[in-house]
């Protein structure tokens, strides 16, 4: 996990379930769980050597995640790729409609 690149969290759309995050000041890695609208926060689980520990979790607000945590770059690149693929998909659909 230490070889993976972590980047700043710039947008809430990067915060997807299963994303790996780590603190800016500490090396501990966490896995992002679901968003709880009642508590206005994300469930965060400890993650170590490929295992997510569900016996302990913490609620973290979106603002705190943006200010104090970094997200794994692989996940954010996958999200960007998904947006690009969706754009291409809609372009193909429009081409079929006009044909």
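The values are calculated or read from the model by the stated rules, or taken from the named source; none is laboratory data. Computed from a predicted structure; not experimentally measured. Counting neighbours? That spans all protein chains shown, and the Cβs are built from the backbone with ideal geometry, glycine included.
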Worksheet item: Does residue 79 satisfy the condition of being farther than 16 Å from residue 5 by Cα and modelled with pLDDT under 90?
Response: no
Practice prompt. Could you please give the count of residues in the range 40-55 that are surrounded by fewer than 17 Cβ atoms within 10 Å (Cβ to Cβ) and under 16 Å from residue 23 (Cβ atoms)?
Written response: 3
